[in-house]
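Comments concern the structure below.
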Amino acid sequence: MVIKGQVFYRWRSLLLACFAIVVCGAFYCAVDYAYSREVSLYLGKVNAVNQSNVRSLEIQFSRTFNKADNMLLLVKAAVEQRGAIDPGQLSRVSNFREMDPVNRIAVFDAKGNLVFSTTQANAGFTIADKEYFQALAVKDNQGMYLDKPGIDPLTGSLSVFLSRRLNDRDGNFIGIVSAGLPQDYFAGLFRQVGMANGNTVVLLRKDGLFLARVPGGFSDQQATTFREHPVIQLVSQGSNAGVYESPGKADGVSRIGAYRALDNYPVVVMATVEKEEALEEVYDQRTLYRYAIIGFVLFILLSCAVIEWRMRKQDETEEQLRYHGYHDVLTGLPNRVSLYETLEKLETTGSCGAAVIMADVDGLKLINDTFGHTAGDQMLLKTAGLLVECTPQTAIVTRMGSDEFAILLPEINEDEAQAVCAKIRGAVTAWNSQVSASQFPLEISLGIAVVQDTPGSLTGLIVEADRSLYREKLAKLSHTGNHFIPVFREQLIARDFVADGHIVRVRNMTVQLAEKMEIAADKLPAIELFAQYHDIGKVGIPDRILNKEGCLAPEEEAEIHRHSEIGYRIAAATKELAPIASWILLHHERWDGKGYPLGVAGEEIPLECRILAVADSFDAMISDRPYRKALTRTQALSEVRRNSGSQFDPDVVQVFVELYGGEDRG
């Protein structure tokens, strides 16, 4: 019995030891798991904060570069419209009064010599040896060029240089326009976003060229190392945003952070923090033991449930990723990747013939630019619905890109494919017949390609269908955009400022003035069209601004001023209005050069615009507006005379008074 008892206790001790080992192992595993999970969770929070900071900075930097680029484009437009650099004209550009954050604007001729500057500069100053001048002189990259920071001789401050090329009317290089962004401005943005003290923000060009860092700065040697930074490698591979971890080869300090590439400019913004500093709170032992105890108690009971939950979540996540990898987010249709994989499968199985129909939504860019992407998305959703309704169940409707769809029709001949195209066109016609005059009609161009009994060539169908689509779009080129003109007309009529016959009166006065000033008769139809559609850009301005009672806020005035540019884009996109697009752009310019959007003056403004300015202003003064009552004709004529030589062309005013000065009705 003793022997048996000793053996029992010996085995029991062994079992207890094994149990203790298992318990200790489970305990330490639980501690390690809890610690690792806490670290992962905290790193996730840090990355989330970094991503939020980077997003905020991206918005700020995008606005900054956009504002600076707009000033460059304003100068570029003024110079290239004239065909030469005129310092006197440039000095009248109104936007130079609101240059912040740009500390100067300078224009240099084709030899790099300074021609114009918003700051005082020494005579003979040249930038012929500067990298950005030489780059733009050799090649017109159609965009804004950013150069590495340096001391700006014109301001004496450390600045980042932004430049654009200037061409004459024949496209020949005649100089550049350059702006400077001071490094101090980036530190101000850093404080404005309110980031933690441990964060560092770095601004890079997409090729790794260093632009700015806050807080602090970099030497040239340190700045060069960014060309091999992990973020630059990620961006070069097509990643525009994300998080990263840098091992810190240069200084041995591991860092974590987030990055985003700006959409419209070759710039990357990064926010980083030292990993050890970010995890300082996690190193609190009490927190670790608290999670260890909870993990130990719940480990056995919850381990299976947790594992099952994690596996299920992983399966759901993988399924979502797989779905979004093969489907369009907006329409829910299969995407380009899905289509090509389907074609490869059909080639492998030796399918007997197939057809591909390419469909393109005409005028989508015009809708997006004028009314926003929400209206464009609605047009895409309607198109997707029509294509699905008009195709057989065996068809695969795919969204290929922004305004392009593809329909794969397996095992079908050319006659059947043409019948599908006819059905789609009929559905579009039926839809357009139901929409009101103020709604956008749907216009779809179609291209078709069919292959019969030719295994291995199905992927070439997309190229053939795309060529067919291109030929149909060329055939429609003569009236591209014209089907939207009635919609714009109806939307103008729906506005209060048109309902009282404003356009009709302005058109009549403008034509009478043009005839009185002996403008050629063949120009009168264009002038009449101009008078009718000069305010077409207001369809893109919110009603809350157009119908606001009282004075407009500065930002609302800036929004109103955009209607000239919106109208220009609409007119330029339609054959019927394209000849008067430049008049629509300039119809709010003033004789004294204080108008918008370009600030041109005197006879640089087309005569047609000067005539319309008098007629439009006079009729506006004698009509009620949401923000004031109408003036009498006597009062309005007095205002026209008073603004002669400042707002209006004196010659036009004289003819106008001769025509209408004797019609005073009180």
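Summary table below
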read-out	value
Matching helices (runs of 4 or more DSSP H) fully within the range 554-627 where at least 1 residues are open to solvent by less than 20 Å² (accessible area, probe 1.4 Å), closer than 16 Å to VAL653 by Cβ and touching a Ser or Thr at 6+ places or on another chain (Cβ under 7 Å)	607-621
Residue that is farthest from LYS575 (Cα to Cα), among those in the range 508-522 that are open to solvent by 60 Å² or more (accessible area, probe 1.4 Å) and either touching a residue at least 24 places away in the same chain (Cβ under 8 Å) or of a type in the set (Phe, Trp, Tyr) (or both)	LYS516
Residue check, SER638 in contact with a His (Cβ under 8 Å, 6 or more places away or on another chain) and either part of a helix (DSSP H, G or I) or more than 25 Å from LEU513 (Cα to Cα) (or both)	no
Number of the exception - ASP543 against (1) over 27 Å from the mean Cα position of the chain (by Cα); (2) at pLDDT below 85	(1)
The range 409-426, residues that are of a type in the set (A, V, I, L, M, F, W, C) and modelled with pLDDT of 90 or more	ALA419, VAL420, CYS421, ALA422, ILE424
Checking TYR9 against (1) loosely packed, with under 15 Cβ neighbours inside 10 Å; (2) at pLDDT 80 or above, the condition it does not meet	(2)
Residue among LEU146, LEU162, LEU158 that is within 21 Å of PHE61 (Cα to Cα), open to solvent by 60 Å² or more (accessible area, probe 1.4 Å) and either out of contact with any strand residue (DSSP E or B) (no Cβ under 9 Å at 6 or more places or on another chain) or modelled with pLDDT of 80 or more (or both)	LEU158
Leading residue by the ranking (modelled with the lowest pLDDT) among those in the range 107-140 that are over 17 Å from LYS76 (Cβ atoms), assigned to a loop (DSSP other than H, G, I, E, B) and open to solvent by 50 Å² or more (accessible area, probe 1.4 Å)	ALA123
Yes/no for LYS365 being open to solvent by 30 Å² or more (accessible area, probe 1.4 Å), among the charged types (D, E, K, R) and closer than 26 Å to GLY567 by Cβ	yes
Candidate set: the range 47-70, residues that are out of contact with any Leu (no Cβ under 9 Å at 6 or more places or on another chain) and over 19 Å from TYR244 (Cβ atoms); chosen: the one most open to solvent (accessible area, probe 1.4 Å)	ARG63
Restricting the range 342-354 to residues that are of a type in the set (A, V, I, L, M) and within 21 Å of HIS327 (Cα to Cα), the residue that is most open to solvent (accessible area, probe 1.4 Å)	LEU346
Residue tally, condition open to solvent by less than 50 Å² (accessible area, probe 1.4 Å) and either in contact with a His (Cβ under 8 Å, 6 or more places away or on another chain) or assigned to a loop (DSSP other than H, G, I, E, B) (or both), over the range 537-551	6
Residue within the range 432-453 that is out of contact with any strand residue (DSSP E or B) (no Cβ under 8 Å at 6 or more places or on another chain), under 20 Å from GLU347 (Cβ atoms) and modelled with pLDDT under 85 present	yes
Selection count where residues are modelled with pLDDT under 70, within 25 Å of ASN199 (Cβ to Cβ) and of a type in the set (A, V, I, L, M, F, W, C), scope the range 22-58	1
Cross-chain or 6+ apart pairs with Cβ under 7 Å, the range 423-435 first and in contact (Cβ under 8 Å) with a residue 40 or more places away in the chain, then surrounded by 13 or more Cβ atoms within 10 Å (Cβ to Cβ) and part of a helix (DSSP H, G or I)	ILE424/LEU386; ILE424/LEU387; ILE424/CYS390; ALA427/LEU386; ALA427/CYS390; VAL428/LEU386; TRP431/LEU386
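Rundown of residues vs (1) of a type outside the set (Gly, Ala, Ser); (2) open to solvent by less than 20 Å² (accessible area, probe 1.4 Å); (3) over 23 Å from TYR470 (Cα atoms), yes/no style:
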residue: ALA359; (1), (2), (3): no, yes, no
residue: ALA375; (1), (2), (3): no, no, yes
residue: LEU387; (1), (2), (3): yes, yes, no
residue: ILE396; (1), (2), (3): yes, no, no
residue: ARG399; (1), (2), (3): yes, no, no
residue: ALA406; (1), (2), (3): no, yes, no
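The values are calculated or read from the model by the stated rules, or taken from the named source; none is laboratory data. What you see is a predicted model, and the numbers here were worked out from it, not measured in a lab. A quick note on method: Cβ atoms are made from the backbone with ideal geometry, for glycine too, and the neighbour counts reach across all protein chains shown. What goes into the accessible areas is simple: the full protein's heavy atoms, side chains included, and nothing from ligands, DNA or RNA. Shrake-Rupley method; radii C 1.70, N 1.55, O 1.52, S 1.80 Å.
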